[in-house]
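Everything below concerns the one structure shown next.
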Amino acid sequence: MNKHFGRALLVAALTAGGPALQAQTAPDPSASPQDAVARLERELAELRREYSDRLASIEAQIQALRAAAEKPETPAAPAPETPPPASPAETPPSLAPTGLAASSSKVFNPDIAAIGNFVGAAGRSPGGGEPSLNMQEGEFSFQAVVDPYARADFFVTVGPEGAGLEEGYLTFPTLPGGFLTKVGKMRDVFGKVDQQHAHTLPWVDRPFVTKNLTGGEDGLADAGISVARLIPNPWLFLEATGQVYQGNSEVFKAPTRGDLAYVGHLRAYQDLGESTNIDLGGSIAYGHNGVTDDTTTRLLGVDATLRWKPLRRSIYTHFLARGEVTWSRAGEADGTQSAVGGYGYLEYQFGRRWTAGLRYDNSEQANTPWLRDTGGSFILTFKPSEFSLVRAQYRRTTFAGADRPENELLFQFLFAIGAHGAHPF
């Protein structure tokens, strides 16, 4: 309803009263002029009163119609759905989880995962190799955000020698100055292999340089504080990490409370193209080794990784080349012993689930540098999914003091359940 319709309605009403108006105002020839004037004045007054009432009624109708046209329509409320009757086999309503209960359980419980690492070996290994069949490790992880300022990560391992805390630390990612700080027990950042859990390695075993110089399976892992910060620059990604440990690991043995152990790592990362990147690192570690109250061990290391993975085509293909060298200088009661070791590794993915790799090891032993272990491995990995892995590793090793090389076949089954967070790559 608009103003044009109201005007048309008003004109129509006045037009309908036109003949009656003409009939009432027609002059009477027999009446005197005074009587005619008086009669016309009375008729005029009646017309004014009549049409005034009619105009008021029409205007009221126009206003009502206009208000009805401008008022938005209110949609009818949908009829509530009637739930289907529950069958006897369904869970009783009193035992069924509600939305609130499910939400609360997620809030008050961390992400939990379990990873199984089963390893077997065949062949002769005079260097003390793996058992023939062994559930090498079961890892349980508990990870959650503590509050808006911190998150917590716990990794508990269970193996033939018992259970232990592999890592358990609190991370503060939003400290002033752009510092990322961790507090607790954690793996060290020396090189690449030391900071990796067993199930994230691309091999069944660890390289000789890790076993001989940097602590083996546990590395330099200890209770301490880690501080990392990105170094802004216009050329590449640069990250510096410094760690202070209690000094109680496979390599460091602090004789007193104040004899702490220190680890530092500088990492540089740069994209060389759309599909290629390079990762370079330098590491240093220092601490008392427990031989005497004053003897210390110093570790220096360099690592390099080249990756190629096309993102637009052949997404199931990648190539990786990695090398790591470590130099150890350990104080002894009768002097200082220096040892050097390293490994080189090539990996190529040739199918959606298949990866092949080659590794070469060469490492002196820390306390007896005149003894050297060398070896080569061929690794074939099959990944049915992201939650499982089957791996075979043929290893040909020449241990220090052995007359001839030994051949071994290692195989591994990895499987995971639950929500397990990503590890550094």
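The values are calculated or read from the model by the stated rules, or taken from the named source; none is laboratory data. These numbers were taken from a predicted model, which means no experiment stands behind them. A quick note on method: Cβ atoms are made from the backbone with ideal geometry, for glycine too, and the neighbour counts reach across all protein chains shown.
Data overview
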| quantity | calculated |
| --- | --- |
| Selection within segment 272-283 - of a type in the set (Asp, Glu) and part of a strand (DSSP E or B) | 279 |
| Condition met for residue 137 (closer than 28 Å to residue 225 by Cβ, of a type outside the set (Gly, Ala, Ser), buried (at least 18 other Cβ atoms within 10 Å of the Cβ) and at pLDDT 95 or above) | no |
| Residue 332 surrounded by fewer than 20 Cβ atoms within 10 Å (Cβ to Cβ), modelled with pLDDT under 95 and closer than 20 Å to residue 414 by Cβ | no |
| Selection from segment 297-319 of residues that are over 15 Å from residue 281 (Cβ atoms) and crowded, with 18+ Cβ neighbours inside 10 Å | 297 |
| Residue under evaluation residue 205, criteria (1) assigned to a loop (DSSP other than H, G, I, E, B); (2) surrounded by fewer than 16 Cβ atoms within 10 Å (Cβ to Cβ), criterion not met | (2) |
| Every residue from segment 366-379 that is surrounded by 14 or more Cβ atoms within 10 Å (Cβ to Cβ) and at pLDDT 90 or above | 372, 373, 374, 375, 376, 377, 379 |
| Qualifying residue in segment 284-301 (condition: farther than 30 Å from residue 401 by Cβ, under 27 Å from the mean Cα position of the chain (by Cα) and outside any loop (DSSP other than H, G, I, E, B)) | no |
| Some residue of segment 412-420 being farther than 16 Å from residue 211 by Cβ, more than 26 Å from the chain's Cα centre (by Cα) and part of a strand (DSSP E or B) | yes |
| Index of the failed condition, residue 315 passing every other in (1) in contact with a strand residue (DSSP E or B) (Cβ under 6 Å, 6 or more places away or on another chain); (2) free of Cβ contacts under 8 Å to residues at least 12 places away in the same chain; (3) of a type in the set (Val, Ile, Thr) | (1) |
| Restricting segment 375-402 to residues that are part of a strand (DSSP E or B) and of a type in the set (A, V, I, L, M), the residue that is nearest to residue 358 (Cα to Cα) | 379 |
| Of all residues making up segment 335-361, the number that are assigned to a strand (DSSP E or B), touching a residue at least 24 places away in the same chain (Cβ under 8 Å) and under 36 Å from the mean Cα position of the chain (by Cα) | 14 |
| Failed criterion for residue 281 (all others in (1) in contact (Cβ under 8 Å) with a residue 60 or more places away in the chain; (2) more than 16 Å from residue 192 (Cβ to Cβ) hold) | (2) |
| Condition met for residue 313 (of a type in the set (Lys, Arg), assigned by TED's automatic domain parsing to the domain that holds residue 397 and within 18 Å of residue 190 (Cα to Cα)) | no |
| Qualifying position, being touching a Phe, Trp or Tyr at 6+ places or on another chain (Cβ under 7 Å) and not in a strand (DSSP E or B), among 174, 181 | 174 |
